[in-house]
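Below is one structure, written out as structure tokens, with a few remarks after it.
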Amino acid sequence: MEAVEAEVLRNEDVGGDNFALTVESPFPDARPGQFVQVALDVDGARVVRHYTISSPYPDDELEFTVEIDPEGELSPRLQELEPGDVVEVDGPYGRSYLEDEDAVTVLSGGPGVGPALAIAERAVDREGEAAVVYEDDEPAHRSRLEDVEAEGCHLEILSPDDDLVSAVDAAVEEVGGQVFVYGFSEFVDRALDAVDAVETQDDTDDEPKVERFD
Ligand SMILES: Cc1cc2nc3c(=O)[nH]c(=O)nc-3n(C[C@H](O)[C@H](O)[C@H](O)COP(=O)(O)OP(=O)(O)OC[C@H]3O[C@@H](n4cnc5c(N)ncnc54)[C@H](O)[C@@H]3O)c2cc1C
């Protein structure tokens with residue numbers, strides 16, 4: 001697909017080192033958990049990075065939850081965008097997205113909370129079952145997490161010192177279904193080890209759907 005322009009609709013601080021950037025969606029068939037290539041001119045050079053969709057219904061608006069890397073080339077620039085500014089988007093890409101699973105368990109680290117929320121929100125909205133395990137030293141999206149928990153999602157928020165295996169065990173026991181994993185590899189590897197450790201074969205469907213952010 002060719003990159004197309006998308007207007008920025010909102011840009012909000014969502015806690016921790018994260019912001020949620022919402023742009024018009026040129027992709028009517030996009031699904032939560034897919035990722036999009038985002039490009040911006042930075043000092044005359046086109047800089048391109050990937051961001052995962054964090055809106056439950058991305059056919060109209062596309063939200064990305066972005067962790068700011070103060071030393072990074074693109075994320076600090078995206079944080080400065082205002083409504084009416086324009087980015088280029090291309091996609092959507094990726095195979096690890098929500099299809100029509102009735103039960104979902106989403107393991108997320110850092111900005112992986114974005115797709116975790118989008119998937120859980122859409123699953124409970126459809127009267128399915130959802131569990132979210134979210135590890136971060138400074139959690140983001142607190143109010144959306146509280147809301148989805150109130151709608152029946154099993155929620156475990158952990159700091160990096162907490163026991164990931166126990167949290168994954170509780171989520172799989174409570175909900176199971178299709179397991180998704182989103183985040184940077186350091187988290188993804190530990191999450192996949194935790195899935196193996198709780199021997200989920202009897203409780204979950206298929207292989208985990210995984211997207212690594214690096
Ligand atoms: C499939 C996919 C999905 C993703 N989804 C998300 C998402 O939903 N949310 C999210 O926040 N991120 C996501 N990412 C990560 C995102 O694409 C960016 O990599 C991230 O935002 C950092 O980009 P940046 O331009 O700010 O930093 P970069 O410029 O890429 O720099 C990253 C770090 O590397 C260091 N660095 C850069 N160049 C060098 C060098 N030459 N030598 C040594 N160090 C260097 C920088 O100091 C910085 O600390 C995803 C990545 C992938 C592949």
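The values are calculated or read from the model by the stated rules, or taken from the named source; none is laboratory data. Please read these numbers as outputs of a predicted model, since none were measured by experiment. Ideal geometry is used to build each Cβ from the backbone, glycine not excepted, and the neighbour counts take in all protein chains shown. Areas reflect the complete protein model, heavy atoms only, side chains present, ligands, DNA and RNA absent. Shrake-Rupley method; radii C 1.70, N 1.55, O 1.52, S 1.80 Å.
Each row is one residue, and each column tells you yes or no for (1) in a strand (DSSP E or B); (2) in contact with a Ser or Thr (Cβ under 9 Å, 6 or more places away or on another chain); (3) away from the ligand (no atom under 13 Å from the Cβ).
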position: Glu7; (1), (2), (3): yes, no, yes
position: Glu12; (1), (2), (3): yes, yes, yes
position: Val23; (1), (2), (3): yes, no, yes
position: Val36; (1), (2), (3): yes, yes, no
position: Leu40; (1), (2), (3): yes, no, no
position: Arg49; (1), (2), (3): yes, yes, no
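Specify the residue that is most open to solvent (accessible area, probe 1.4 Å); the eligible residues are those in the range 54-63 that are not in a loop (DSSP other than H, G, I, E, B) and not aliphatic (A, V, I, L, M).
So the first thing to find is which residues in the range 54-63 are not in a loop (DSSP other than H, G, I, E, B), and the list is 61-63.
Those still in the list that are not aliphatic (A, V, I, L, M) too: 61, 63.
Details: Glu61: 59, Glu63: 22 Å².
Here the answer is Glu61.
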- Message: Against the definition (of a type in the set (Val, Ile, Thr), open to solvent by less than 30 Å² (accessible area, probe 1.4 Å) and out of contact with any Leu (no Cβ under 6 Å at 6 or more places or on another chain)), how does Val4 come out, yes or no?
- Response: no
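Within the range 35-50, can you find the residues that are open to solvent by 20 Å² or more (accessible area, probe 1.4 Å) and out of contact with any helix residue (DSSP H, G or I) (no Cβ under 7 Å at 6 or more places or on another chain)?
Narrowing the range 35-50 to residues open to solvent by 20 Å² or more (accessible area, probe 1.4 Å): 35, 37, 40-41, 43-46, 48-50.
Result: Phe35, Gln37, Asp41, Asp43, Gly44, Ala45, Arg46, Val48, Arg49, His50.
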- Sort out for me the helices (runs of 4 or more DSSP H) sitting completely within the range 64-169 that have 1 or more residues that are surrounded by 17 or more Cβ atoms within 10 Å (Cβ to Cβ) and of a type in the set (S, T, N, Q). 75-79
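Against the definition (closer than 23 Å to Gln34 by Cβ, assigned by TED's automatic domain parsing to the domain that holds Val42 and modelled with pLDDT of 95 or more), how does Val124 come out, yes or no? Talk me through it step by step, then tell me what you get.
Details: closer than 23 Å to Gln34 by Cβ: yes; assigned by TED's automatic domain parsing to the domain that holds Val42: no; modelled with pLDDT of 95 or more: yes.
When the stated conditions are applied, Val124 does not pass them.
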- Which number in (1) open to solvent by 40 Å² or more (accessible area, probe 1.4 Å); (2) of a type outside the set (Gly, Ala, Ser); (3) in contact with a Gly (Cβ under 8 Å, 6 or more places away or on another chain) marks the one condition that Asp189 misses? (3)
